[in-house]
Amino acid sequence: MPSSPPRRTTTRRSPRAAAAASAVRRAAPPPAAGRPLTAPFAAAFGLLVAAEDLYLGWLLWDGLPPRWGWYLAASAVLALPAVAGAALVWAGRGRGWLVLAVAAVLPLLLLLGVALLFGALGDGSSVGWALALLVGPAGCLALTVRRPIREWTRPGRATPPPAQPGRTPRGGRAR
């Protein structure tokens, strides 16, 4: 019996797998050239976090004899990174989202601790106010860690300055 030549066999692929693979490739669009729509909101929530930090310092100052104390300094120390992070996110500077996220996490933990303390003491209205003040840090953190803000403030983001008429790309005058 004569031998037949060996047949090549190809593996059959599912059309669903190919469609799923192309959908995965299409899922991540390239980052937009301009500021993301959530950046102003993240910066505004960063300023709200700074205002809440200063408000908490004022509450402590109002209840104690009026003088400068450690609680006012701690309040200012918490507010400064929030303002700096809001400015960095607004401008799109490198790692601005990280500064703003850290500035939001610290008051978030502080307010949760205050709410737990007042809850253990049985002061329900103070627990409600502490939980209401969580809106600023929680909203700031929720907006800041999202991908558009992280992409907007990544260190190597190349955003060329707007072209000026009459200038060559190297900065000299056109002849």
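Taking every Cα-Cα distance in the range 66-129 and sorting them into 10 Å bins starting at zero, the pair-distance distribution P(r) comes out as 21, 33, 32, 13, 1 percent. Report the Stokes-Einstein translational diffusion coefficient (µm² s⁻¹, integer) for the range 36-97, Rh taken as the Kirkwood radius over Cα pairs, at 10 °C with viscosity 1.306 mPa s. Calculated translational D: 129 µm²/s.
At q = 0.17, 0.21 Å⁻¹ the log10 of I(q)/I(0) for the range 34-153 amounts to -0.79, -1.04, computed by Debye summation with a single uniform scatterer per C-alpha, solvent ignored.
Between the listed residues ALA130, LEU59, LEU143, the Cα displaced farthest toward the positive end of the dipole of the range 52-148, a dipole computed from Cβ unit charges relative to the Cα centre, is found at LEU143. Using a probe of 1.4 Å on the protein chains alone, the accessible area found for ARG95 is around 120 Å².
Can you give the net charge of the other residues whose Cβ lies under 13 Å from the Cβ of LEU110, counting K and R as +1 and D and E as -1? Working shown, then result.
On the way: positive: none; negative: GLU52, ASP53.
That works out to -2.
Placing dummy labels 7 Å off each Cα toward the beta-carbon, the span from SER125 to ALA51 is 2.3 nm.
The values are calculated or read from the model by the stated rules, or taken from the named source; none is laboratory data. For clarity, every value in this text was computed on a predicted model and none was experimentally measured. Cβ: placed from backbone, ideal geometry, glycine included. Neighbour counts: every protein chain shown. We work out accessible area using only protein heavy atoms, side chains counted, and drop any ligands, DNA or RNA first. Shrake-Rupley method; radii C 1.70, N 1.55, O 1.52, S 1.80 Å.
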